[in-house]
Amino acid sequence: MEISKSDWKFYREKIGVWQESYMEKLNNEYIHLLSATDKKASDKFWALEKRIKNDRRYPGVIIEMRKSNAMYDMVSLVRLGVITCEDLTDFSEDLQQAVKYMVERFE
């Protein structure tokens, strides 16, 4: 299913906001990791490096913007906890139902 022109436009407006919010969450997790008093500085450094290397692969951080993949990207964003289905309420009903269906199907 390809999304409508209006959903695509709205998605392009929202993705940056969603990513910024997700990266803020990640930054707080990194701060928590670095603030641990029971670990050596080198252990914290390498743990952070591993986390960042892993996290940067998620669509909440980097995403290739293609209209043909937008709905699947939204499903991934929901499944990874970057957004919730409630974040999609301003999109068309068809898109919301399709994303919810796919999220439930892949659980």
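Quick notes on this one:
- Accessible surface ranking for Ile62, Ile15, Ile52, 1.4 angstrom probe, highest first: Ile62, Ile52, Ile15.
- Degrees separating the helix 70-79 axis from the principal Cα axis of the chain, which is the longest one: 50 degrees
- From the Kirkwood radius over Cα pairs of the stretch 28-107, Stokes-Einstein at 25 °C and 0.890 mPa s returns a whole-number translational diffusion coefficient of 166 µm²/s.
- Förster radius 35 Å - calculated FRET efficiency between Cys85 and Lys39 (Cβ-Cβ, nearest 0.05): 0.40
- With all protein chains modelled, accessible area of Phe91 [1.4 Å, Å²]: 10 Å²
- Partners for Lys40 among lysines (Cα-Cα distance below 21 Å; same-chain residues under 8 apart left out): Lys50, Lys53
- Debye-sum result for the stretch 46-87 in log10 I(q)/I(0), which assumes one identical scatterer on each alpha carbon, at q = 0.15, 0.28, 0.32 Å⁻¹: -0.42, -0.96, -1.08
- For the chain: accessible area per residue (Å², 1.4 Å): 68 Å²
- Thr37 exposes around 140 Å² of accessible area when a 1.4 Å probe is run over every protein chain in place.
- Using every pair of separate Cα atoms, the Kirkwood estimate puts the hydrodynamic radius of the stretch 1-70 at 14.1 angstrom.
- Per-residue Karplus couplings for the stretch 7-24, computed as 6.51 cos²θ - 1.76 cosθ + 1.60 with θ equal to phi - 60°, are listed in order as 5, 5, 4, 5, 4, 4, 6, 7, 4, x, 5, 4, 5, 4, 5, 5, 5, 5 Hz, Gly and Pro entered as x.
- Carbon plus sulfur fraction of accessible area for the stretch 1-79, probe 1.4 Å, in percent: 53 percent
- C-alpha long axis of helix 93-105 to longest principal axis of the chain, angle in °: 50 degrees
The values are calculated or read from the model by the stated rules, or taken from the named source; none is laboratory data. All of these numbers come straight from a predicted model, not from anything done at the bench. No Cβ is skipped: glycine too gets one built from the backbone with ideal geometry, and neighbour counts run over all protein chains shown. Just the protein is used for accessible areas: all its heavy atoms, side chains included, with ligands, DNA and RNA removed. Shrake-Rupley method; radii C 1.70, N 1.55, O 1.52, S 1.80 Å.
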